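Engineer: Here it is: the structure, laid out below.
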Amino acid sequence: MLALLVLAILVGGALQRVTGMGFGLVAGPFIVLIVGPLEGVLFVNLAGAIASTVILGRVVRDVEWAKFGWLLASSLVVTVPAALLLRDVSAPVLEITVGAIVILAMTLAVVTSRLRAHGTHVVRPDARWPLTLTGMSSGVGSVAAGIGGPPVAVYAVLSDWEPKKFAATAQPYFAANALAALTAKLVLADASFPALDPWQWVVVMAAILGGLGIGEVLAPRVSAARTRQVLVALAYVGGAATLVRGAVGL
């Protein structure tokens, strides 16, 4: 179990560093399969927050703090209600939810990438209601599945957000959003982390940093298009596997 967990973290961390997002999408469903739905999503929140915080140190100068604040405030509005809804959800239903969110989020990411390719931008950069809707959608996804990135990525495409500033602003938002979701579930949903020994936690934390280090090395050497293809394929496989296991469990 530990070996599989480390492998999922390494791949997710590398993709997070190369693309600016992807830890929850890629590693999330596999971690849920390995350690269970509630514990797995909580772990994804923690690992994602750590990964984004580490990356933030390299991109902090490009963060647009006004957009960060608006996104975070909007996500916090739904964090507590979403955590309360999880208290009585069965493991199979939660697995189905995680799998469905991954597949839907990845499909939205693919569609919006095609819109970017065709130069389609339909949201004014200074409009507040799209930011509010984005933050709320991201907050629900983070609580339910540890995946808060896709709604923000969709907004970035539709509003023509400069990629460099989007990737930078996303890091403090992902970290704060994940920590808020984690805290709400620990307090309100009786969630718990996977039962790991102290030395295993050390290995896991080293794997998070190792994944980011691998991504740092790969970033200037790999094709962005190829990286996105790998991210999409892994996310779909993991999401489908999680959804199917949840359906069988029902």
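Engineer: With every protein chain present, what is the per residue accessible area of the chain (1.4 Å probe, Å²)? Provide the component values of the computation, followed by the final result.
Structural biologist: Working: 11190 Å² over 250 residues.
Per-residue accessible area for the chain comes out at 45 Å².
Engineer: How large is ³J(HN,Hα) for each residue in the stretch 58-69, as worked out from phi by the Karplus curve 6.51 cos²θ - 1.76 cosθ + 1.60 (θ = phi - 60°), to whole Hz, x for Gly and Pro?
Structural biologist: Once rounded to whole Hz, the list reads 8, 10, 4, 5, 9, 6, 9, 5, 5, 5, 4, x.
Engineer: Rg/Rh for the stretch 9-66: what does it come to with C-alpha atoms and Rh from Kirkwood?
Structural biologist: Working: Rg = 12.3 Å, Rh = 11.9 Å.
My calculation puts Rg/Rh at 1.04.
Engineer: For every helix of n ≥ 4 consecutive DSSP H residues, a contribution of -39,500 (n - 2.57) applies; sum these over the chain, divide by its total residues, and give [θ] at 222 nm rounded to the nearest 500 deg cm²/dmol.
Structural biologist: On the way: 10 runs with 198 residues, N = 250.
Counting only the DSSP helices, I get -27000 deg cm²/dmol.
Engineer: Another one. Pairs of Cα atoms under 8 Å, at least six residues apart: use those to get the relative contact order of the chain, whole percent.
Structural biologist: On the way: 410 pairs, mean separation 98.2, N = 250.
Across the chain, relative contact order equals 39 percent.
Engineer: If you wrap a convex hull around the C-alpha atoms of the stretch 178-224 and split its volume per residue, what is the figure in Å³? Numbers along the way, then the final one.
Structural biologist: Details: hull volume 5.1 nm³, N = 47.
Cα convex hull per residue, to the nearest whole number: 109 Å³.
Engineer: Here's a follow-up. What value in Å³ per residue do you get for the convex hull of the alpha-carbon atoms in the chain?
Structural biologist: Details: hull volume 28.1 nm³, N = 250.
Residue-normalised Cα hull volume stands at 112 Å³.
Engineer: So, with a 1.4 angstrom probe, what is the percent of accessible area on the chain that is carbon and sulfur?
Structural biologist: For the chain, the apolar C and S fraction of the accessible surface comes to 69 percent.
Engineer: Need the list of lysines near Lys67 for cross-linking: C-alpha distance under 24 angstrom, and skip anything on the same chain fewer than eight residues off.
Structural biologist: Lys164, Lys165
The values are calculated or read from the model by the stated rules, or taken from the named source; none is laboratory data. Just so you know, these numbers come straight off a predicted model, no measurement behind them. Areas reflect the complete protein model, heavy atoms only, side chains present, ligands, DNA and RNA absent. Shrake-Rupley method; radii C 1.70, N 1.55, O 1.52, S 1.80 Å.
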